[in-house]
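Here's the structure we're looking at; comments come further down.
The values are calculated or read from the model by the stated rules, or taken from the named source; none is laboratory data. Not measured: the values here are computed from a predicted model. We place every Cβ from the backbone using ideal geometry, glycine too, and count neighbours over all the protein chains shown. All accessible areas refer to the heavy atoms of the entire protein, side chains included, with ligands and DNA or RNA removed. Shrake-Rupley method; radii C 1.70, N 1.55, O 1.52, S 1.80 Å.
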Amino acid sequence: MINARHLLDQALTKYLFFTGKGGVGKTSTACALAVNLSERGKSVFLVSTDPASNLQDVFGVALTNQGTAIPEYPNLLVANFEPEAAAAAYRESVVGPYRGLLPEDAIANMEEQLSGSCTVEIAAFNEFTQFLTDVKISDQFDHVIFDTAPTGHTLRMLELPAAWATFIDNNQSGASCLGQLSGLGEQKDVYQRAVQTLCDSALTTLVLVARPEESPLKEAARASKELGAIGIEHQVLIVNGLLEEGHDQVGQSFTRKQSAALEMLKIDPLLKGLKTYSVTLKPFSIMGAKALKHFFGEMPVGADVHEAPPEKAVVEKAVVEKTAYRDLEYLIDALHASGQRVIFTMGKGGVGKTTMATAIAKGLNARGEKVHLTSTDPASNLPMDQARSDLKVSFIDEVQALATYKADVLSTGLHTMTPDELAYLEEDLSSPCTQEIAVFRAFAQLVESATDEIVVIDTAPTGHTLLLLDASLSYHKEIERSSNEVPNAVKSLLPKLRDPDHTTVVIVTIAEPTPVHEATRLAEDLERAGIQAKWWIVNSSFAMTQTASPVLAAKGAQEWPWIEQVDARSQNHFILVPWQGNQTD
Amino acid sequence: MDQTIKLEIYEPAMCCASGVCGPSVDPELLRISSIVHARNHNHTQIARYNLKDHPMRFVQNPLVQKLLKEKGVAVLPLTLVGNTVLTEGSYPTNAQIEEALGLQSGQLKSDIQSIRPQKPKVKLSDLKVQPGNLKQKSLDQGGTRD
């Protein structure tokens, strides 16, 4: 791995897209790159989809989806748009005119179908396309940097002829999630130009960002493969947050864990072949001009030789009284007392859902309950060897669940569909929604068969998926009449999920900006579907480790605003779990 | 209404035409999708309007708007032949469609055959699916309590 500061001296492509799991540091890295390049005299346009609140703190100016100049950087323009807001605007533009003209349940039906992550993805893609194909921008700027990238699913879908057929007004194909693109005019041409630019190695670089941790590295490998297959071949990898010195036991445990994860770079066939850069973990928060300039760890251009790096965040709560915050045992007691029968741990990948689900299952079992722990994580993380008659452990193989579901669907359609339609159906079947549904079906079957056990599962469908399932059940009477036992299991599970006496959802997050933001969105989405997430777990807290390692202690100090946010959001129903070296995700 | 359109289908808003985002795929949805595609191949006779993508149609047709107001979205899918309601809350059968369009019995099936190539693109055997996707591990025989 080369230090990422060397990126600044290279001839970089005009367009740079950053991709990676939520929370790895795409925005920080993209912003730092933009700032440092502009200091070197390059004209840079930075396009961010990070929630506006964060980016305003980073740059200290109000931002819009048009370019805004940043006072300290004459060569830099920054645009910020929120795909969720864009999706909401699109949704309102479709639905708004019909309020009062159509009955309320019709309006609700329309709104829900426009509320999935696909709608948000398309809204984001819409914006990317504008920036990618605008000649004025490409003439004016040396670099256009995006702190996110379109997903493989979105790009593949847009390649399918059937996807575009709906815009021909002969009503052949029915619904499509691409309705938003109709606003672009000559959609197909613009899209094709955008994709051509994306796949041109001389024009576009895909920057994969990861942490030195297993989960983000796996995601980087997956994205590399998926986007590479579509034709985006110019790729580099940035490993962000490397800790060089451990200092104390916690620190050394941390560096050991990082080294172990980095072994993947030598083994994984895809990652091995990528030019890889590293960025060290900073003791300061990446906010403001100074922090961005020092992100790559070298003296910035024109800086005073005596200029000190940014101050560490003020440590207001230097010493954490362990008893001041509730722990896992408290939560398990509360869950035990509540008498709930189904417990989900929910959160974005890598926050520790499986570990927490396992701990909860074991804890309830220790308190005398019969428990059935179910996971979608590969078996190696489950305590299979610790199973006993009153603590069952099951594994739902996501890949197999999806394959079963696909086979189910395709066998129905195989004899009646054309290749075009089958292709579109197959892509629909590769969407994240379908994966969720496949797992949910498998899970519903399991719950159906669990008689007197508490079921604990380490994943949950989104609120949107649940509402789709709901809608589907009411509209497709065939399913009601169906003798297929799977839909019946789903049907009986849905009301149970909404009963707070029966089911509880525990949201797992870590005390960092993007994870808390993502967890908040998940909670809101669930609330839309009528499910309350009562408890939150802030996992992997460095503040709770009381480490003396300076960088990690600073990292811990930065957690407090986020812990406070979780406190407020959960109405004080949260617990803190310290970072542990032996915790796998 | 278009001169050649004889049958109109008004459907609830859906995320995708295939409806795969439901607890299981609605074979009715697939049946209708392929019938419409096959029949319209030569001359457009069937129109499909989706509440999400073509809301205007629901408002512009007085009969549809009236039924929606009275019965809510439960009335969808709603099919009309001119100003006559063919079905409410369900899709028409092949026989009903053939009658509405003035076709011979079995015509729809041969429509589908005529545009389908000899070999389907995907075979089920390609999917390599194993029955059952839950691996349950429980030690019923004498686990020790810690």
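You will find that of A:Leu552, A:Leu576, the residue that is open to solvent by less than 10 Å² (accessible area, probe 1.4 Å), among the hydrophobic types (A, V, I, L, M, F, W, C), over 30 Å from A:Ala450 (Cβ atoms) and not in a helix (DSSP H, G or I) is A:Leu576 and no other. Looking only at residues that are β-branched (Val, Ile, Thr) and under 20 Å from the mean Cα position of the chain (by Cα) in the range B:68-105, which one is farthest from B:Ile35 (Cα to Cα)? Ranking the candidates gives B:Val73 first. For the range A:102-113, a tally of residues being surrounded by fewer than 22 Cβ atoms within 10 Å (Cβ to Cβ) and either in contact (Cβ under 8 Å) with a residue 60 or more places away in the chain or under 26 Å from the mean Cα position of the chain (by Cα) (or both) returns 2. Of everything in the range A:59-116 that is more than 28 Å from A:Thr151 (Cβ to Cβ), among the hydrophobic types (A, V, I, L, M, F, W, C) and in a loop (DSSP other than H, G, I, E, B), the residue that is nearest to the other protein chains (Cβ to nearest Cβ) is A:Leu101.
Tallying residues that are within 20 Å of A:Gly20 (Cα to Cα) and either acidic (Asp, Glu) or outside any loop (DSSP other than H, G, I, E, B) (or both) within the range A:35-58 yields 8.
Taking the stated definitions as given, is A:Leu37 more than 14 Å from A:Val207 (Cα to Cα), surrounded by 23 or more Cβ atoms within 10 Å (Cβ to Cβ) and touching a residue at least 40 places away in the same chain (Cβ under 8 Å)? The answer is yes for A:Leu37. Only one of the numbered conditions (1) at pLDDT below 90; (2) buried (at least 22 other Cβ atoms within 10 Å of the Cβ); (3) within 20 Å of A:Ala357 (Cβ to Cβ); (4) of a type outside the set (D, E, K, R) is violated by A:Ile537, and that is (1). Inspection of the range A:273-281 finds a residue satisfying the criterion of being more than 24 Å from the chain's Cα centre (by Cα) and open to solvent by 30 Å² or more (accessible area, probe 1.4 Å). If you check every pair at least six apart or on different chains, which have Cβ atoms under 6 Å apart with a residue in the range A:441-470 that is within 12 Å of chain B (Cβ to nearest Cβ) first and a residue that is among the small types (Gly, Ala, Ser) and open to solvent by 20 Å² or more (accessible area, probe 1.4 Å) second? Going by the 6 Å Cβ cut-off, the qualifying pairs are A:His464/A:Ser115.
Going by the conditions given, is A:Thr255 part of a helix (DSSP H, G or I) and at pLDDT below 60? Considered against the rule, which asks whether it is part of a helix (DSSP H, G or I) and at pLDDT below 60, A:Thr255 comes out as no. Checking each residue in the range A:70-101 for being over 29 Å from the mean Cα position of the chain (by Cα) and either more than 29 Å from A:Arg521 (Cβ to Cβ) or of a type in the set (A, V, I, L, M) (or both) picks out A:Pro71, A:Glu72, A:Tyr73, A:Pro74, A:Asn75, A:Gly100, A:Leu101. Of the candidates A:Lys42, A:Lys26, the single residue that is under 22 Å from A:Leu198 (Cα atoms), charged (D, E, K, R) and crowded, with 24+ Cβ neighbours inside 10 Å is A:Lys26. Which of the residues spanning the range A:138-152 are crowded, with 18+ Cβ neighbours inside 10 Å and either farther than 18 Å from A:Leu76 by Cα or in contact with a helix residue (DSSP H, G or I) (Cβ under 8 Å, 6 or more places away or on another chain) (or both)? If the condition is that a residue be crowded, with 18+ Cβ neighbours inside 10 Å and either farther than 18 Å from A:Leu76 by Cα or in contact with a helix residue (DSSP H, G or I) (Cβ under 8 Å, 6 or more places away or on another chain) (or both), then A:His143, A:Val144, A:Ile145, A:Phe146, A:Asp147, A:Thr148, A:Ala149, A:Pro150, A:Thr151, A:Gly152 are the ones that fit. Here A:Ala202 fulfils each of the conditions (1) assigned to a helix (DSSP H, G or I); (2) of a type in the set (A, V, I, L, M, F, W, C); (3) open to solvent by 10 Å² or more (accessible area, probe 1.4 Å) apart from (1). In the range A:303-323, the count of residues that are of a type outside the set (S, T, N, Q), open to solvent by less than 80 Å² (accessible area, probe 1.4 Å) and modelled with pLDDT of 75 or more is zero.
If you go through the range B:79-92 and keep only what is open to solvent by less than 70 Å² (accessible area, probe 1.4 Å), assigned to a loop (DSSP other than H, G, I, E, B) and more than 13 Å from B:Ile46 (Cα to Cα), you end up with B:Gly89, B:Ser90. Note on the range B:101-135: residues that are at pLDDT 50 or above, open to solvent by less than 50 Å² (accessible area, probe 1.4 Å) and in contact with a Ser or Thr (Cβ under 8 Å, 6 or more places away or on another chain) amount to 2. I'd like the residue in the range B:47-78 that is of a type outside the set (A, V, I, L, M), within 8 Å of chain A (Cβ to nearest Cβ) and in a helix (DSSP H, G or I) and, out of all such residues, is most open to solvent (accessible area, probe 1.4 Å). Ranking the candidates gives B:Lys69 first.
Just one of the numbered conditions (1) at pLDDT below 75; (2) facing another protein chain (nearest Cβ under 7 Å) is not true of B:Asp2: (2).
For the range A:513-526, residues that are over 13 Å from the mean Cα position of the chain (by Cα) and either farther than 17 Å from A:Gln571 by Cα or open to solvent by 40 Å² or more (accessible area, probe 1.4 Å) (or both) total 2.
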